[in-house]
Structures are given as structure tokens and as C-alpha cells.
1. Search the stretch 21-49 for residues being aliphatic (A, V, I, L, M) and assigned to a helix (DSSP H, G or I), and hand back the single one that is surrounded by the most Cβ atoms within 10 Å (Cβ to Cβ).
2. Is there a residue in the stretch 3-19 that is open to solvent by 60 Å² or more (accessible area, probe 1.4 Å), at pLDDT below 95 and of a type in the set (D, E)?
3. For the stretch 50-84, what are the residues that are aliphatic (A, V, I, L, M), in a strand (DSSP E or B) and over 12 Å from the mean Cα position of the chain (by Cα)?
4. Look at R74 and say whether it is in contact with a helix residue (DSSP H, G or I) (Cβ under 6 Å, 6 or more places away or on another chain) and within 22 Å of D15 (Cβ to Cβ).
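The values are calculated or read from the model by the stated rules, or taken from the named source; none is laboratory data. Keep in mind that what you see is a predicted model, and the values were worked out from it rather than measured. Quick reminder, even Gly has a Cβ in these numbers, built from the backbone with ideal geometry, and neighbours come from all protein chains shown. Note: areas computed on protein heavy atoms with side chains; ligands, DNA, RNA excluded. Shrake-Rupley method; radii C 1.70, N 1.55, O 1.52, S 1.80 Å.
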Amino acid sequence: MPEFRLSPAADADLDRLYDFGIDRFGLDQADRYYDGLEQRFAALAQFPLHYPAVDYVRQGYRRSVYGAHSIYYRILNGDCIEIMRIIGQEDF
């Protein structure tokens, strides 16, 4: 079964946006958004080529947009992807 893992930076991004979601929108909405992200991560692992490559950002990266966030990931092998960053409207 395909799987995903989070880079340390993506894990920190996820924690930060969850905390922001609680502060801004409340616990229920933050939980729904977090769960949706987790579902998207699983879908990315299952169909990693579904979203476009963004080699202009970094060679080998792909991007999927979920809500207000861009999920940057790379394919490690046929059964695993690594979520590299989860970026909102920040200028990175």
C-alpha cells in the first residue's frame, strides 16, 4: 500500500497551520481541515503523478493545492512520497 511521510519542515508547517486554524476558526474547523489534509496526503501517495511537477521550485517536486495551502512533495519510490512543505500565502 502506498504511504507518505512528512519532512521535519512539513511536520512543523502542519502543526503551525493547525494551531492557526484553532485560533482563527475554532477547533471543529481546524480538525476538519487537518483531516482533509491527511486524506489528501494519502491520495497523493496513491496517485503521485496526478499533480504537476514544479521543477522551477525545486527539481523533483510536485505540488497539490488543498484549500488555501500548497502541498509540495517528492516521489521517493513507487510506494512512498515525502511531503516536503505545506505553504499558505507566505512568500517562500
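1. So the residue we want is L44.
2. yes
3. A53, I75, L76
4. It is false that R74 is in contact with a helix residue (DSSP H, G or I) (Cβ under 6 Å, 6 or more places away or on another chain) and within 22 Å of D15 (Cβ to Cβ).
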